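Since the structure comes first, as structure tokens, the remarks are kept for the end.
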Amino acid sequence: MKRRKTGGKTGKIQRRKTLRSRNTLKAERGSAATAQETSVARFRHERDEALEQLAATSEVLQVISSSPGELELVFNAILENVTRICGAKFANLFLYDGNAFRIAAQLNPPAAYAERWRKQPVLRVDDNPRNPLARLTVTPEIIHITDLMAEPSYVERDPRFVALVEAAGARTHLNVPMLKDGKLVGSISVFRQEVQPFTARQIELVNNFAKQAVIAIEDTRLLKELRQRTDDLTESLEQQTATSEVLKVISSSPGELEPVFEAMLANATRICAA
């Protein structure tokens, strides 16, 4: 009696299913590995970015602590870190006095743009109500403009706005207010020369630097007040000492005007630096 062969058509179908399952499993493993590699790469990028921002923040805080009262050093350190980490072309830091913005620091400004600010270092809000800086006086919130060419001020050919775009080559703009107790004291303005929006992490970084700038300004104000009080106290003590010396001469030399007058003049010239 002959044995019936096993397999046949059913066996082929089964082998095809097995092969298909193996290929599917292999593809799924490959996709999982790719996704894992992507996740790891993204995690490393975010980690490196966070470490870079932390280092930049620490650097600025170190400048603030090591150079009390030296606002120029602090502002320059802030702008250097802002432009580097945000991949920006140039940046400005402005101080606001209640009616106008005065440029306090610049980094990498295009030549024509820098020359214009050198000649006119103050921007009056009343004269430029549609300028991004002027908008901060109405609503002191972060202004993020993806393309300056799409702004009404450029379309309508406002001279100062046109100069910003065409002479400085500015396209994407970030304007972050510097606030103290909710009151506007200045702004950090960052520019790219291509249309490329800033990321949420970059915006948050600039916002943190704006807070550090306010800390430095407040520290400088307090330091000036302390120095003024110290100077006033020293001057008061000198005057009291001088008065005491003259009174001592008067009491020790009754009727002798010459030594009294000499003591008066000696103290007067010393205290008045005459």
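The values are calculated or read from the model by the stated rules, or taken from the named source; none is laboratory data. None of the values given here were measured: they were computed from a predicted structure. Cβ placement follows ideal geometry from the backbone for every residue including glycine, while neighbour counts extend to all protein chains displayed.
When every residue of segment 193-211 is checked against the conditions, none turns out to be at positive phi and surrounded by fewer than 20 Cβ atoms within 10 Å (Cβ to Cβ).
The set of residues in segment 126-164 that are over 19 Å from residue 193 (Cβ atoms), of a type in the set (A, V, I, L, M, F, W, C) and surrounded by 15 or more Cβ atoms within 10 Å (Cβ to Cβ) comprises 133, 134, 136, 142. Cβ separations smaller than 6 Å between residues 6+ apart or across chains give the following pairs from segment 252-274 residues that are more than 19 Å from residue 237 (Cβ to Cβ) and free of Cβ contacts under 8 Å to residues at least 12 places away in the same chain to residues that are surrounded by 12 or more Cβ atoms within 10 Å (Cβ to Cβ) and small (Gly, Ala, Ser): 259/253. Do you know which of the residues in segment 136-160 that are part of a helix (DSSP H, G or I) and without any contact (Cβ under 8 Å) to a residue 24 or more places away in the chain is farthest from residue 185 (Cα to Cα)? Filtering first and then ranking leaves 155. Restricting attention to segment 127-137, the residues that are at pLDDT 90 or above and more than 21 Å from the chain's Cα centre (by Cα) total 0. Of the residues making up segment 166-182, those that are over 18 Å from the mean Cα position of the chain (by Cα) and buried (at least 18 other Cβ atoms within 10 Å of the Cβ) are 168, 170, 171.
Here residue 217 fulfils each of the conditions (1) assigned to a helix (DSSP H, G or I); (2) over 21 Å from residue 71 (Cα atoms); (3) in contact (Cβ under 8 Å) with a residue 60 or more places away in the chain apart from (2).
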